[in-house]
Amino acid sequence: MIHDARGRFLGQLREAVDQGSLVKLTLGKPDGRDASLRNLFVRPVRLKSGPRLAFVWRHATKDVTKNLSYVEALAQLEALIGADFLDAHLFTEAKHAQLETGSGKPRLRVTQVASAPAAASGNDREKRRVVAPQAPWLHALGVTDDRGRPLAPMNDKFRQIDKFTEILGHLVGEAPLPTDRKLSVYDMGCGKGYLTFAASQLLGQRASVRGIERRADLVDFCNAAARDLGFGERLEFETGSIADTPVVQADVMIALHACDTATDDALAKGIAAGATLLVVAPCCQKEVRPQLQPPTVLSGAMRHGIFRERQAEFVTDALRAQLLEWAGYRTRVFEFVSTEHTAKNTMISAVRTGTSGATDAAAVRAFASFYGVRSQALATHLGFALE
């Protein structure tokens, strides 16, 4: 019988791989022999050649990906865990396990996942949802019926919630968030709280989640639901606007579908509060559109309103991404959900690196000048002159 923490962790890892319940594995705190190495992320994939474990070695300026057989992968992980990497986080369908070997005696912490979906096999595994439709909070918010079935008008909303939870889980796993204290998470402009509840269920007791919403009736409704459903003090809602809400310290800042410059307000709040992870899905980018002065070659096409609108969306979000990189964040822009379910489907995620920005000020100004943009809300918040 294995008694040591590292041995128990490796046993749980092998069991998760053997049973097909592995969701992902994150290794952190590299030993420093490779100064550019940040993390290693491992997840199951199914290739034409069969099931594999995908290894993503994240370095400061590049990612290196390798797909290994289960036997090869487990052998390599056994050599890495506790040696090359001092921290390991295992996520399965039923539990989370964290191994710390950096100082003193190795320590293992295991927590069960609330409402974990039952393990599936074969093609059923492809349909497994991250969010269990039977979760009581989904029924309380009017997403599902009393039997845990998504209501017809809310099918797209349920898909958004499920996809958001999946993405947030990956981002939280990849970000170098603190592990020695409870995380502080803000959801700015949270509306009815669909994604706020999802974030709180995903993170459990690991985080204190606060939803900010200007409509007092929604805040009262969400707070009552959170109390009735047993979320306790780890989930609270507060009345206020994004711009006027004081945020002293935050680890994760979320703002999905905050209209126009409210997205910039949330990003600026997160940066000022030292947030490690920023997650936004912008909406209604109006500020830049009147300023656009497209190059001569594009002037004819830009006479059409739909092209001008799409160009304004591109320029706004591209400028935001570059400003975040200038501010010292590693930034990704990707499709949140299919346009079949919502047109508001662009997501920007940013992880604070603690190093100088990947995009310099000159490049940001050159981009803005190319399109005639003289002012933009995030740039103003950051004290960054575009001209």
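Rule-based calculations on the coordinates, nothing more; no lab input. Since this is a predicted model, take the numbers as computed values, not measurements. Cβ placement follows ideal geometry from the backbone for every residue including glycine, while neighbour counts extend to all protein chains displayed.
For this structure, a couple of remarks:
- For the chain, calculated [θ]222 nm from helices alone, where every DSSP H run of n ≥ 4 adds -39500 (n - 2.57): -10000 deg cm²/dmol
- Under 16 Å of direct C-alpha separation, and excluding same-chain neighbours fewer than eight residues apart, Lys24 reaches these aspartates and glutamates: Glu15, Glu78, Asp87, Glu93, Glu126, Glu166, Glu174.
- Taking all C-alpha pairs of segment 67-107, those more than 16 Å from each other amount to 47 percent.
- Debye intensity ratio I(q)/I(0), log10, segment 38-103, q values 0.13, 0.19 Å⁻¹ (C-alpha model): -0.40, -0.85
- FRET efficiency estimate (nearest 0.05) - Cβ-Cβ, Glu15 to Gln134, R0 22 angstrom: 0.30
- Order by protection proxy (mean Cβ within 10 Å, highest first), peptides 67-76, 278-287: 278-287, 67-76
- Local net charge near Val364, Cβ-Cβ under 11 Å (Lys/Arg +1, Asp/Glu -1): 0
- Relative contact order computed over the chain (Cα-Cα under 8 Å; 6+ residues apart), in percent: 9
- Net length gained if the chain between Asp4 and Leu47 were fully extended (0.36 nm per residue, minus Cα distance): 12.0 nm
- Taking 0.36 nm per residue of sequence separation and removing the Cα-Cα distance, the Thr111/Ala366 pair yields an extension gain of 86.9 nm.
- Environment charge at Ala350 (Cβ cut-off 11 Å; Lys +1, Arg +1, Asp -1, Glu -1): +3
- Net charge over other residues, Cβ less than 11 angstrom from the Cβ of Gly7 (K, R count +1; D, E count -1): +1
- Taking packing as the residue-averaged number of other Cβ atoms within 10 angstrom, the listed peptides 182-189, 25-32, 245-252 run from highest to lowest as 182-189, 25-32, 245-252.
- Cα pair distances in segment 5-122, grouped into 5 Å bins until the bin that holds the longest one, percent each: 2, 11, 21, 24, 20, 13, 6, 2, 0
- In terms of the mean number of neighbouring beta-carbon atoms within 10 Å, the peptides 164-177, 43-56, 139-152, 306-319 order highest first as 164-177, 306-319, 139-152, 43-56.
- Rg and Dmax over the alpha-carbon atoms of segment 129-381 stand at 18.8, 60 Å.
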